[in-house]
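First up is the structure itself, then whatever we jot down about it.
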Amino acid sequence: MRPAAGEVLHFSEDPTIKVFRPHVAATAQQQAPYVWAVGHDRAPDYWFPRQCPRAMAWAGPGTTPEDLAHIIGPGSAPRVHAIEYGWLEALRTVELYAYRLPAASFVEHDAAVVATTEVTPLGPPARVGNLFTLHAEAGIQLRVLPNLHAFWDAVTASSLEFSGIRLRNALGRPPAPLT
C-alpha cells in the first residue's frame, strides 16, 4: 500500500474520517497543529497497528557492509522492521485503512509530510489488508523479538538509517546480566 503520483497517505484504524483537521498530537515535540501523512518511501513505517512499538532500519548511502551484514543480515532485504511478540496478534487482526490525500496540500517535515489546513481525502479509505503479506511483497524483513531494546540500541549505534515509532509502548528494558 503506497501512494500514487500526486498523493500521500494517512494510515488509520478509523474508516470513518471525512476530513483531516490540523491538531497538536499529545506526544508532539512541536506546538504547531498539523495533518500528518507519508509518501512512498515512509509508507511501510505505518503498516502496523497505531499503538504498536516498532524499530525499523534500512541501508542508506553511508551504511557500511559490516553493519548491513551484522544487523540486517547477509543476502537479506535492505530493510528490516522489528516488533515484540506481544504485538503479533494485533498485527494479524488489525483493520488498517489508508486514506489517499492530495500531495499538493502537504510540505515535507522530517520523514513525513504535513498540512496546516483541513484536507479532504481523495476518496473513501482503502482497507490495507494482511500486513504480513504487505511486508513480504515489499521485500521487508519482519522480525519478532522478545524485547526491542537490544535491537534498537544496535541500530542506533550503527551506520544504518532508522526510525522508531511508539517505542514508549515497548516492554521495559530488561535488567543487565549479573557479572
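What follows draws every value from the coordinates through simple rules; no lab data is involved. Computed from a predicted model, the values in this text were never measured in an experiment. Neighbour counts run over all protein chains shown; Cβ positions are idealised from the backbone, glycine included.
Points to keep in mind about this one:
- Within the range 59-75, residues that are over 15 Å from R143 (Cβ atoms) and in contact (Cβ under 8 Å) with a residue 40 or more places away in the chain reach partners that are surrounded by fewer than 18 Cβ atoms within 10 Å (Cβ to Cβ) and hydroxyl-bearing (S, T, Y) with beta carbons closer than 8 Å, at six or more positions or on different chains, in the pairs G60/S159; G62/S159; T63/S159; T64/S159; D67/S159.
- Residue tally, condition within 14 Å of the chain's Cα centre (by Cα) and surrounded by fewer than 16 Cβ atoms within 10 Å (Cβ to Cβ), over the range 107-129: 2
- Output for the range 130-179, where each listed residue is without any contact (Cβ under 8 Å) to a residue 40 or more places away in the chain, loosely packed, with under 15 Cβ neighbours inside 10 Å, part of a helix (DSSP H, G or I) and of a type outside the set (G, A, S): T133, E137, D153, T156
- Looking only at the range 33-89, residues that are within 23 Å of P146 (Cβ to Cβ), of a type in the set (F, W, Y) and not in a strand (DSSP E or B) come to 4 in all.
- Annotation note: Cβ proximity below 6 Å between a residue of the range 1-22 that is closer than 16 Å to A115 by Cα and a residue that is basic (K, R) and assigned to a strand (DSSP E or B) (sequence gap 6+ or interchain) occurs for E7/R100.
- Residue ID - nearest to the chain's Cα centre (by Cα), chosen from residues in the range 90-101 that are of a type outside the set (D, E) and in a loop (DSSP other than H, G, I, E, B): L96
Table: residues versus (1) hydroxyl-bearing (S, T, Y); (2) under 23 Å from R143 (Cα atoms); (3) surrounded by 12 or more Cβ atoms within 10 Å (Cβ to Cβ).
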position	(1), (2), (3)
R2	no, yes, yes
V24	no, no, no
T27	yes, no, no
A55	no, yes, yes
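- All conditions in (1) at negative phi; (2) surrounded by fewer than 13 Cβ atoms within 10 Å (Cβ to Cβ) hold for G75, with the sole exception of (1).
- Residues satisfying the stated conditions in the range 93-113, i.e. touching a residue at least 60 places away in the same chain (Cβ under 8 Å) and of a type in the set (V, I, T): V94, V113
- Among the residues of this structure, A37 counts as one that is farther than 22 Å from A136 by Cβ, surrounded by 12 or more Cβ atoms within 10 Å (Cβ to Cβ), among the small types (G, A, S) and in contact with a His (Cβ under 6 Å, 6 or more places away or on another chain).
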